[in-house]
Amino acid sequence: MKMPERLGKYPITGVLGRGAMGVVYRGYDPVIKRPVAIKTIRKELIDEDEKTEAMSGRFRREAQAAGALNHPGIGAVYEYGEDAHHAYIAMEFVEGTSLREYMARGATFDEHDSVSIMAQLLDALQFAHANSVWHRDIKPANIQVMGNGRIKLIDFGIARIESTDFTKTNVIMGTPGFIAPEVYLGRDIDHRIDIFAAGVVFYHLLAGKPPFV
């Protein structure tokens, strides 16, 4: 698909990544004069039948969940919008590299760096949990490491907001290897699924490999 010239008020300046649901663009906020990341989902996924409704619902919930969280360790969400071809979320543009990319390069983390990353991750999760939001997909790809060593937790795309009654049976969301046992077993879950996944990340940082393959 051709790169749009703009989405809403945001001129598009490049492509940051591509996924099954859409493209993440780099854009520019002409009012506040700052770069933004714009995650899109193809509009037909929103307008089609019930099968695709879950995907569009996830996208809207991402904006709703993350947009309510104001924390230095959580990527900020600025705006949700739709045009003729896309639905989109304008988000904070985080200069940095994902923890997954570091691990893919074979980077090693000493105890000090590992503890620093985990302390920041758990601080962000504590804030989210205190505001009744669970991330539900904690993994290295969703942890951005900035040049100053600080991290940003991103992608609340499958977050569950405790105040909503949205439920779907027989659906497992998350990333294999990071999903808590109670999710696989279909048991009641709560914020501790994020703590389990964070433990998997911590193991990987210290051991240089994931605990589960």
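The values are calculated or read from the model by the stated rules, or taken from the named source; none is laboratory data. Being a predicted model, the structure only gives us computed values, none of them experimental. Here the Cβ positions follow ideal geometry from the backbone for every residue, glycine too, while neighbour counts run over all protein chains shown. What goes into the accessible areas is simple: the full protein's heavy atoms, side chains included, and nothing from ligands, DNA or RNA. Shrake-Rupley method; radii C 1.70, N 1.55, O 1.52, S 1.80 Å.
Which one is nearest to residue 156 (Cα to Cα), of the residues in region 187-213 that are in a loop (DSSP other than H, G, I, E, B) and open to solvent by less than 70 Å² (accessible area, probe 1.4 Å)? Lay out the reasoning, then the answer.
From region 187-213, those in a loop (DSSP other than H, G, I, E, B) are 187-191, 208-213; that's our starting set.
Narrowing the set further to residues that are open to solvent by less than 70 Å² (accessible area, probe 1.4 Å) leaves 189-190, 208, 210-211.
On the way: 189: 17, 190: 15, 208: 26, 210: 22, 211: 24 Å.
Once the filter is applied, the top-ranked residue is 190.
Can you report the number of residues in region 121-143 which are assigned to a helix (DSSP H, G or I) and touching a residue at least 40 places away in the same chain (Cβ under 8 Å)? Let's see the steps before the verdict.
The initial filter retains those residues of region 121-143 that are assigned to a helix (DSSP H, G or I), namely 121-130, 140-142.
Now drop any that are not touching a residue at least 40 places away in the same chain (Cβ under 8 Å), which leaves 121-125, 127-129, 140-142.
Of the residues in that region, 11 qualify.
When the residues of region 13-48 are filtered to those that are touching a Lys or Arg at 6+ places or on another chain (Cβ under 6 Å) and modelled with pLDDT of 85 or more, which remaining residue is least open to solvent (accessible area, probe 1.4 Å)? Spell out how you get there, then give the answer.
Initial filter on region 13-48 (touching a Lys or Arg at 6+ places or on another chain (Cβ under 6 Å)): 13-14, 16, 22, 24.
Subset that is modelled with pLDDT of 85 or more: 13-14, 16, 24.
Working: 13: 89, 14: 17, 16: 87, 24: 40 Å².
Checking each candidate, the answer is 14.
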- Message: Which of the numbered conditions does residue 155 fail, given that it passes all the others? Conditions: (1) surrounded by 18 or more Cβ atoms within 10 Å (Cβ to Cβ); (2) in contact with a helix residue (DSSP H, G or I) (Cβ under 7 Å, 6 or more places away or on another chain); (3) at pLDDT 90 or above.
- Response: (3)
- Filtering region 61-120 for residues that are of a type in the set (Lys, Arg), open to solvent by 40 Å² or more (accessible area, probe 1.4 Å) and either touching a helix residue (DSSP H, G or I) at 6+ places or on another chain (Cβ under 6 Å) or touching a residue at least 12 places away in the same chain (Cβ under 8 Å) (or both) leaves a count of 1
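Just for region 126-149: of the residues that are of a type in the set (A, V, I, L, M), in contact with a helix residue (DSSP H, G or I) (Cβ under 7 Å, 6 or more places away or on another chain) and under 18 Å from residue 205 (Cα atoms), which one is surrounded by the fewest Cβ atoms within 10 Å (Cβ to Cβ)?
Taking region 126-149 and keeping what is of a type in the set (A, V, I, L, M), we get 128, 130, 133, 138, 141, 143, 145-146.
In the following step, the residues that additionally are in contact with a helix residue (DSSP H, G or I) (Cβ under 7 Å, 6 or more places away or on another chain) were identified as 133, 138, 141, 143, 145.
Pick out the ones that are also under 18 Å from residue 205 (Cα atoms) and you get 138, 141, 143, 145.
On the way: 138: 26, 141: 16, 143: 24, 145: 21.
Selected residue: 141.
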